[in-house]
Ligand SMILES: [Zn+2]
Ligand SMILES: [Zn+2]
């Protein structure tokens, strides 16, 4: 059985933004599958685009009625931000994740923090571009990316944010790796010239996106090996 990547986004995400989101994930997977003829025929990781979904029969009183439910449940009114640890936990506990474990990516137009609410209120200046539960799910925000004034840079930065978090949900860098890695909370980051480097601010994100654009394929050799290991594991995991 092939594993899938579920992709959802909030109502405020523009079509051009959801296109960058979908094309970036598709591009990374296709590039990886090129090395595995069998994967090209029968992709071991498939994309399910759910976008801004809703299950009308569940609205409004049953949990998990739609994309907006996750946002409502994790949104802090004082901070006007989505509390990422709450959001990610809702995804981890969702009935579909339990029934059929898969990768989950969410793109929101709301602002985001990776701190729990009490800490986030003490540090209102702190925001997150995206955060993840490595190996399972990640949530990203367009809120800061949209402050970049140049359309070209904005698109590069968004694609970089998506690639980075696709890496996290696929468990990259792998936790067994000791070379060129740096731990940050639950996440491991790469220290090579690589898209798995951490970007703290939107300015850093834009600068790294521009730099990596010149590399073509933006994952370093070690991270690429880790990605191929995930693909191969999925390819031969038929149970
Ligand atoms: Zn990261
Ligand atoms: Zn790397």
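Every number here is computed from the coordinates shown, using simple stated rules; none is lab data. Please read all numbers here as calculations on a predicted model, not as lab measurements. Neighbour counts run over all protein chains shown; Cβ positions are idealised from the backbone, glycine included.
Listed values, structure above:
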| quantity | calculated |
| --- | --- |
| √(5λ) per eigenvalue of the Cα gyration tensor, the chain, largest first, Å | 26, 23, 17 |
| Overall dimensions of the stretch 156-239 by Cα: Rg and Dmax, Å | 13.0, 44 |
| Computed label-point distance, nm, for sites residue 200 and residue 54 using a 7 Å Cα→Cβ extension | 4.0 |
| Per-residue Cβ neighbour rank within 10 angstrom, fewest leading, 42, 109 | 42, 109 |
| Relative contact order (%) - the chain, alpha-carbon pairs under 8 angstrom, separation at least six | 20 |
| The stretch 81-97 and the stretch 173-239: distance between their alpha carbon centers, rounded to Å | 23 |
| Rough spin-label spacing in nm, given labels placed 7 Å along Cα→Cβ, for residue 186 and residue 125 | 2.7 |
| Counting all C-alpha pairs of the stretch 96-210, share separated by more than 17 Å (%) | 57 |
| Translational diffusion coefficient (Stokes-Einstein; Kirkwood radius from C-alpha pairs) of the stretch 10-146 at 4 °C, 1.567 mPa s, in µm²/s | 80 |
| Likely footprinting exposure, 71, 47, fewest C-beta neighbours within 10 Å first | 47, 71 |
| Rh by Kirkwood over Cα pairs, then Stokes-Einstein D for the stretch 197-239 at 1.567 mPa s and 4 °C, µm²/s | 105 |
| Rounded to 5, percent antiparallel among DSSP beta bridges of the stretch 3-235 | 40 |
| Neighbour-count ranking [beta-carbon atoms within 10 angstrom, fewest first] of 8, 170 | 8, 170 |
